[in-house]
C-alpha cells in the first residue's frame, strides 16, 4: 500500500510538472487562455468605439471571472465616466477659489459645479441600472442608458459654453478646465455611450441566449398600442386620469390642485416660487400647482428633487411668467432663463414663459428645460435670441407657440415639437433669423431637434421685410448637429437655401439636416443648400426614426406609455 502511495505521489508530481510546463509554455507563447478570453472580449466590447485605444484602457481593469461578463465592462466604463466627472466637479470648486473674484468667471464656474452634479445624478442612474439588474434588463433599458450618458455630455458642453471667449481671463480658465478635466469627461463618457449603443450586437457575440432585440426595433413593427384619443411612456395611470380631466370642458373645475398661486391673495401663495417651496419632501405621485391669471415677474427654477410637478395656468394669454435677464446685461446664458426646469416628469400647461430683453439683449432665455421625460402642452414660449433652451434629456412640446429670432430653439437633447406654431420675429439691425441650433457633438448621442406638424410663420412686424431679412430653418451649432423638419407648413419667408452655416466651422459637412413631407411655399427644396450634411427630403422609412414612438424612447416600454399618459392629442407616428 505504501508503494502505491509513493507511485501515486510521483505520478502526481509528474502530472503537475507537465501541467506547469504547459502553462509556462503557453504563457511564453502569449496564449494564456484567460488572457485570450479577456483580449477577445475587449475587442468585442470596443468594436464600435470611436476611440479604440481609450476604450481598451478604460476596460482593461476587468479581468478574471468578470472578463466573461459584459455587465462588468459596462460597469467599468460608467465608473470611469463617474471618476472623471468627480474630478471635474472638484476642479470647478478649486478654480472658483482661484478665479472667483471676477464676476463672469464666478458665474460660469458655479454653473459648472451645478452641471457636474447633474451629470453625477445621471451617472448614478446608469450605475444603478447596471448593478441592480441582470444583463437582459440592462439591455431592455438601452434607451434610458443612452439618454443618461448623452445628458452627461450635454452638461459638459453647457459648462464649456458658459465661458466667454471674448474675455481673456475666462478663455484661459476654459482652456485649463478643458485640458485638465472636461475633455476627459467627454471622451470617457463617449466610450460608455458607444458600448451601450452597440449592446445588442455585443451580446450576440457573447453567445448569450435571450432576446436581444432592442425596443427601438420592436417599435418599428407597429407594436405600440394607441389609446382611443390617439396620443411618452413615463406617466402613471393616476396621472392619466388626472390629465384626462383636463381635456374636458371647464376642466379646471374638475382638478383639485395641491397648491394655488394668485397675485391677488385668493390662493395659498402669491408667488410661484413659494408654491414650489411647498413641495413635500419625498412626495409620491403628481404634485399639482395651479397658477391663476396674472403677470408673475419672477425667476423660477423647479429644483431637481421636485419631481412630477404639473403646473397649469388660466391660459397663455392670462397666466404669464416674465423676466428680462440677458447676456448683454452681463448674465450667463444659462442663468438668463425666466423659467428653468431641472426636475424629471415636469408638465407645464396653459401658461406663457417670456423674456422681454429684446433683440439687443442677445442670449436671453425664456424657458430652459433639462428635466427628463418632461412636456409642455398649450404653452407660449416668447423671446428673441435663445428663447427655448432644450438643454438635455427627453422633452416633448405639443400645441405650443415658440417665438424668437436667432437660434431660438437650441440645446443638446432629444426634443420633439409637435403640432405647434413657430413664429419668427423681426431681429435686431444686421441680424438674420435661425430657428434651430442643435448642439450634438458626439457620435451616438440620442440628441437632436425634431419639428413635426408645425406651422412656421413670420410675425406681423417681420412680414413686410420677410424677403430682405434672411430667415433659416437652422444652423449647425456643433459638429454633429441633427435637426429634422417634417409634415410642417413652411411660410414663404424662409430663405430658399433653407439652412445656413455656422460661421468659421465645417459643421455643415458633418451635421444631419433633413426634411420630410412639408408643405407651403417655403417647403420647396429645389434651391436648398448642397452640403454633405444636408440629406434633403428623406424617405418615409428614414423619417419614421424621428416620430415620437421611436425618437422619445423611454426604457423597455417605449415612448407610448408616457405620451399616452399626457392625455393630449398626439402622434406616436406620422400625422398622415
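Taking the condition in a loop (DSSP other than H, G, I, E, B) and in contact with a helix residue (DSSP H, G or I) (Cβ under 9 Å, 6 or more places away or on another chain), does residue 345 pass?
So residue 345 passes the test.
So if I check each of 163, 177, 118, which one is in a loop (DSSP other than H, G, I, E, B) and surrounded by 19 or more Cβ atoms within 10 Å (Cβ to Cβ)?
Exactly one of 163, 177, 118 is in a loop (DSSP other than H, G, I, E, B) and surrounded by 19 or more Cβ atoms within 10 Å (Cβ to Cβ), namely 163.
Residues being closer than 14 Å to residue 350 by Cβ and at pLDDT below 90: count how many of those fall in the range 255-282.
Residues that pass the stated criteria total 1.
Using beta carbons and a limit of 7 Å, which pairs, at least six apart or on different chains, have the first residue in the range 115-143 and not assigned by TED's automatic domain parsing to the domain that holds residue 159 and the second one surrounded by 18 or more Cβ atoms within 10 Å (Cβ to Cβ) and assigned to a loop (DSSP other than H, G, I, E, B)?
Short answer, once both residue conditions are applied: none.
Kindly indicate whether residue 484 is assigned to a loop (DSSP other than H, G, I, E, B), assigned by TED's automatic domain parsing to the domain that holds residue 449 and farther than 30 Å from residue 136 by Cα.
No.
List every residue pair whose Cβ atoms lie under 6 Å apart, where the two residues are 6 or more positions apart in sequence or sit on different chains, the first residue falls within the range 262-277 and is assigned by TED's automatic domain parsing to the domain that holds residue 304, and the second residue, located anywhere, is surrounded by 16 or more Cβ atoms within 10 Å (Cβ to Cβ) and part of a helix (DSSP H, G or I).
What qualifies is 269/275.
Looking at 106, 128 in this structure, which one is surrounded by fewer than 17 Cβ atoms within 10 Å (Cβ to Cβ), closer than 24 Å to residue 342 by Cβ and within 21 Å of the chain's Cα centre (by Cα)?
Values: 106 fails: within 21 Å of the chain's Cα centre (by Cα).
None of the others qualify; the one that does is 128.
One residue is enough: does the range 91-103 have a residue meeting the conditions at pLDDT 95 or above, surrounded by fewer than 22 Cβ atoms within 10 Å (Cβ to Cβ) and in the same structural domain as residue 150 (by TED's automatic domain parsing)?
yes
Would you mind stating whether residue 342 is in contact with a strand residue (DSSP E or B) (Cβ under 8 Å, 6 or more places away or on another chain), assigned by TED's automatic domain parsing to the domain that holds residue 392 and surrounded by fewer than 24 Cβ atoms within 10 Å (Cβ to Cβ)? Talk me through it step by step, then tell me what you get.
Values: in contact with a strand residue (DSSP E or B) (Cβ under 8 Å, 6 or more places away or on another chain): yes; assigned by TED's automatic domain parsing to the domain that holds residue 392: yes; surrounded by fewer than 24 Cβ atoms within 10 Å (Cβ to Cβ): yes.
Taking the combined requirement at face value, the residue satisfies it.
Does the range 493-508 hold any residues that are under 18 Å from residue 525 (Cβ atoms), in a loop (DSSP other than H, G, I, E, B) and touching a strand residue (DSSP E or B) at 6+ places or on another chain (Cβ under 9 Å), and which are they? Let's see the steps before the verdict.
Narrowing the range 493-508 to residues under 18 Å from residue 525 (Cβ atoms): 493-501, 508.
Keeping just the survivors that are in a loop (DSSP other than H, G, I, E, B) gives 493-498, 500-501.
Scanning the range 493-508 gives 493, 494, 495, 497, 498, 500.
The values are calculated or read from the model by the stated rules, or taken from the named source; none is laboratory data. The model shown is predicted, which means the values in this text are computed figures rather than measured ones. Don't worry about glycine lacking a Cβ; one is built from the backbone with ideal geometry, like all the others, and counts go over all protein chains shown.
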